[in-house]
Amino acid sequence: VGWSIRFTSATAKALQKLPERIQLTVAALVADLQVFGPALHGRGWPHFGKLRDRTDQYHCHVKGGRPTYVACWEISSRSERIIEVNYVGTHEKAPY
C-alpha cells in the first residue's frame, strides 16, 4: 500500500500556472512519493533533502538553472500514510 498525496489548495492553484514541463516533472515526483514515500534518498531528485530544523518536511529541485523550481512536502499522517505538498514554485519564494 502506497502513500496518498495531497496538495494544499494554494499549491494546486500555483501548479496550474507553471510551465507544462514543470507540471509534468511534479507529476513524476508525485508518482515517486506515492511508491517510495517522503524520503527519496537515491531516487535521482536533485538537491533532495530534509528541511533543516523541521520534522518530517522535505524538498527537492524540480528544475535547475534559472529559474530554479522546487517542491516542498511534509508527512501529514504517518499512520494513514499521507503526504501533503505545500509548495511548488521558484526557489526564491520557497518557504525555507
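The values are calculated or read from the model by the stated rules, or taken from the named source; none is laboratory data. Computed from a prediction, not measured in an experiment: that's the story for all the values here. For neighbour counting, all protein chains shown are included, and Cβ atoms are generated from backbone atoms with ideal geometry for every residue, glycine included. The protein model used for the area step is the full one, side chains on, heavy atoms only, and it has no ligands, DNA or RNA in it. Shrake-Rupley method; radii C 1.70, N 1.55, O 1.52, S 1.80 Å.
Descriptive notes on the structure:
- Among the residues of the stretch 38-55, the one identified as more than 19 Å from L15 (Cβ to Cβ), part of a loop (DSSP other than H, G, I, E, B) and either open to solvent by less than 30 Å² (accessible area, probe 1.4 Å) or in contact with a Ser or Thr (Cβ under 8 Å, 6 or more places away or on another chain) (or both) is L51.
- Test for T8: is it touching a residue at least 24 places away in the same chain (Cβ under 8 Å) and surrounded by 11 or more Cβ atoms within 10 Å (Cβ to Cβ): yes
- Selection status of R21, in a strand (DSSP E or B) and charged (D, E, K, R): no
Conditions tested, residue by residue: (1) within 13 Å of Y87 (Cα to Cα); (2) of a type outside the set (K, R); (3) in contact with a Gly (Cβ under 9 Å, 6 or more places away or on another chain); (4) at pLDDT 95 or above.
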site	(1), (2), (3), (4)
T8	yes, yes, no, yes
T11	yes, yes, yes, yes
L15	yes, yes, yes, yes
L18	yes, yes, yes, yes
A27	no, yes, no, yes
L33	no, yes, yes, yes
L40	no, yes, no, no
R43	no, no, no, no
R52	no, no, no, no
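- Filtered residues of the stretch 76-85 (kept if open to solvent by less than 50 Å² (accessible area, probe 1.4 Å) and within 23 Å of Q16 (Cα to Cα)): I82, I83, V85
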